[in-house]
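First the structure, in the form of structure tokens, and then the observations on it.
The values are calculated or read from the model by the stated rules, or taken from the named source; none is laboratory data. Remember, predicted model here, so these are calculated numbers, not experimental data. Cβ placement follows ideal geometry from the backbone for every residue including glycine, while neighbour counts extend to all protein chains displayed.
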Amino acid sequence: MSLSKFPSPRDPNQHVELSVREWQIVRLVVRAFQVKEIAAELGISPNTTSQYLQNIYRKLGIGSKTELAVWGVQQQIETPPPEENVA
């Protein structure tokens with residue numbers, strides 16, 4: 001499993017490791033997906049999604065999806081542009 005390192009909000013010099021799945025969830029949170037939407041997008045249950053979020057919060061020292069979204073933006077996490085309807 002590949003892990004990515006990111007600065008922790010607790011200490012800008014401290015790094016945390018997120019799994020590939022956790023990274024996928026962070027990107028979707030940055031895009032304002034709700035738990036059920038994240039679950040559907042990744043093909044996992046909402047309960048599993050919530051557990052992943054709790055693990056991410058613990059690793060980053062934060063307590064909400066709002067804080068996670070702010071952290072993601074601060075880390076300049078890239079999100080794909082919205083899909084355009086091309087006729």
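Annotations
- Checklist (1) surrounded by fewer than 17 Cβ atoms within 10 Å (Cβ to Cβ); (2) modelled with pLDDT of 90 or more applied to residue 75, failing item: (2)
- Evaluating residue 55 against the criteria (1) surrounded by fewer than 19 Cβ atoms within 10 Å (Cβ to Cβ); (2) over 11 Å from the mean Cα position of the chain (by Cα); (3) modelled with pLDDT of 95 or more leaves one unmet condition, (2).
- Hits in the range 23-34 - residues which are out of contact with any Gly (no Cβ under 8 Å at 6 or more places or on another chain), surrounded by fewer than 19 Cβ atoms within 10 Å (Cβ to Cβ) and assigned to a helix (DSSP H, G or I): 23, 24
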